[in-house]
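Okay, structure first, notes after.
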Amino acid sequence: MDHRHLLPNEIDLLVDGEAGFGVAPLRAHLAECGDCRARYDELRIVAESLEALPHFTPSLRFADTVMREVQVVEPWHVALTEGARRLVPRSTPMRVLAGAGAGAAALAISGSAAWLAFRGDLAGWVVNLFVDRTRQTIVTGAGEVASSALGADATSALASGGLATLAISTVVLAAAAAGAVLGFRRLAATARAARG
Ligand SMILES: [Zn+2]
């Protein structure tokens, strides 16, 4: 006979009524050992009670229903990373488009910050340097439209007060338009490639 008591999985085998080559020595130990027989009897009562319970299966959506009610706590950095990843579009053309939009927004924000910080003087000077010709064209054109519609006063007001604002808006609009055109061209190219 064995000099050790039965292991839990060996008692399981006996309760399940296994009949194999290795089971006979286990039964022999059970017949001689009171401790193991007591554990076996307890387990058999539990197994028979469970077997007597009505059998049913949970619905197929049971796990989903439970998990919908479970509040999964995410660390803040995981939530932040996932959130940022969800904001990035999957297709390359949409990424270009989103990048152009984000770039234009960043440009507008930095432009506004510079405008607020320097009261428009320095920003106006820098922008004037870059878009002098554009400004001249726009102001002249807008001035002609304004003077024909509102009179000469509107022209001077437009030229003095709104000049720097107009120039900044022009730059931001041009950048956004260029980004959008690039994105749309990539979209069209992808669509053509998919069709062909
Ligand atoms: Zn034993």
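The values are calculated or read from the model by the stated rules, or taken from the named source; none is laboratory data. All values derive from a computational prediction rather than experimental measurement. Cβ coordinates were reconstructed from backbone atoms using ideal geometry, including for glycine residues, and neighbour counts include every protein chain displayed.
So the values come out like this:
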quantity: Selected residue (criterion: farthest from the chain's Cα centre (by Cα)) from residues of region 1-15 that are more than 9 Å from the ligand (Cβ to nearest atom) and at pLDDT below 90; calculated: M1
quantity: Of all residues making up region 70-112, the number that are part of a helix (DSSP H, G or I), of a type outside the set (S, T, Y) and under 30 Å from I168 (Cα atoms); calculated: 20
quantity: Matching residues in region 32-55 - criterion: being more than 9 Å from the ligand (Cβ to nearest atom) and surrounded by 10 or more Cβ atoms within 10 Å (Cβ to Cβ); calculated: A38, Y40, D41, E42, L43, R44, I45, V46, A47, E48
quantity: Condition met for D64 (of a type in the set (D, E) and within 16 Å of the ligand (Cβ to nearest atom)); calculated: no
